[in-house]
Amino acid sequence: MEKEKSKISVLIVDDSEVIRLFLEQLLISEGCDVVTAETGEEAVEYFKKRDFDVAFIDIRLPGMNGLETYKSLLKINPKTKAIMMTAYATDEIAEEAVKLGVACCLMKPFGIDEVLKEFNKLKE
């Protein structure tokens with residue numbers, strides 16, 4: 001009997017409830033185990049308690065920004081893959097995040113196809 005493949009665990013970090021709910025529902029429909037956080041500080045607390053395979057992180061967050069959040073998450077689990085999200089066309093923080101190993105930066109507003117395309121690249 002084949003062992004059931006474990007669910008991919010995803011943390012979504014965004015101060016926009018609409019974005020969190022959209023991504024949460026989309027990724028649950030893809031069979032993922034999803035947790036959401038409104039702030040970078042909250043995300044770090046979740047990371048201290050468990051491992052996540054993938055993190056979707058908004059760049060502009062209240063308090064700790066997305067890049068600071070990503071750096072903190074890497075210290076806890078360097079194997080976590082990340083996708084950053086931004087509504088700003090030019091964002092130096094996004095450029096720095098990519099240099100640190102973020103898989104990509106999604107431009108808001110984004111659609112289902114775009115999210116799944118980037119997410120599926122990470123799963124491969």
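The values are calculated or read from the model by the stated rules, or taken from the named source; none is laboratory data. These numbers were taken from a predicted model, which means no experiment stands behind them. No Cβ is skipped: glycine too gets one built from the backbone with ideal geometry, and neighbour counts run over all protein chains shown. Each accessible area value is taken on the protein alone, full model and side chains, heavy atoms only, with ligands, DNA and RNA left out. Shrake-Rupley method; radii C 1.70, N 1.55, O 1.52, S 1.80 Å.
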### Query
Once every DSSP H run of n ≥ 4 in the chain is given -39500 (n - 2.57) and the sum is divided by its residues, what mean residue ellipticity at 222 nm do you get, rounded to the nearest 500 deg cm²/dmol?
-13000 deg cm²/dmol
### Task
Take LYS123, project a point 7 Å from its Cα along the Cβ direction, then tell me which residues of region 17-34 have their backbone nitrogen under 19 Å from it.
22-34
### Query
Which of the listed residues, LEU67, SER16, GLY31, is farthest toward the dipole's positive end in region 12-77, when Lys, Arg count +1 and Asp, Glu count -1 at the beta-carbon?
LEU67
### Query
Just how much of GLU114 is accessible, in Å², when a 1.4 Å probe is used and the result is rounded to the nearest 10?
80 Å²
### Task
Please give the helix 40-49 orientation as an angle from the longest Cα principal axis of the chain, in degrees from 0 to 90, rounded to the nearest 10.
30 degrees
#### Entry: Distance between region 4-57 and region 71-119 - C-alpha centres, whole angstrom
13 Å
### Query
Taking the Cα centre of region 33-111 as origin and charging only Cβ (+1 Lys, Arg; -1 Asp, Glu), how large is the dipole, in debye to the nearest 20?
240 debye
### Query
Given 0.36 nm per residue, what is the gain on full extension from ILE28 to MET107 after removing their alpha carbon distance, in nm?
26.3 nm
#### Entry: Angle in degrees between helix 66-76 and the longest Cα principal axis of the chain, rounded to the nearest 10
50 degrees
#### Entry: Read-out Rg and Dmax of the Cα atoms in Å, derived from the coordinates shown; its label in (i) 13.6, 46; (ii) 18.2, 64; (iii) 13.6, 51
(iii)
### Query
For MET64, which sequence-distant residues (separation of 5 or more, or a different chain) have an amide H within less than 5 Å of its own amide H, given hydrogens modelled in the peptide plane?
GLY40, GLU41
### Task
Over the chain, average the accessible area per residue using a 1.4 Å probe and give it in Å², no decimals.
58 Å²
### Message
Quick check: at a probe of 1.4 Å, how many percent of the accessible area of the chain sits on carbon and sulfur atoms?
### Response
51 percent
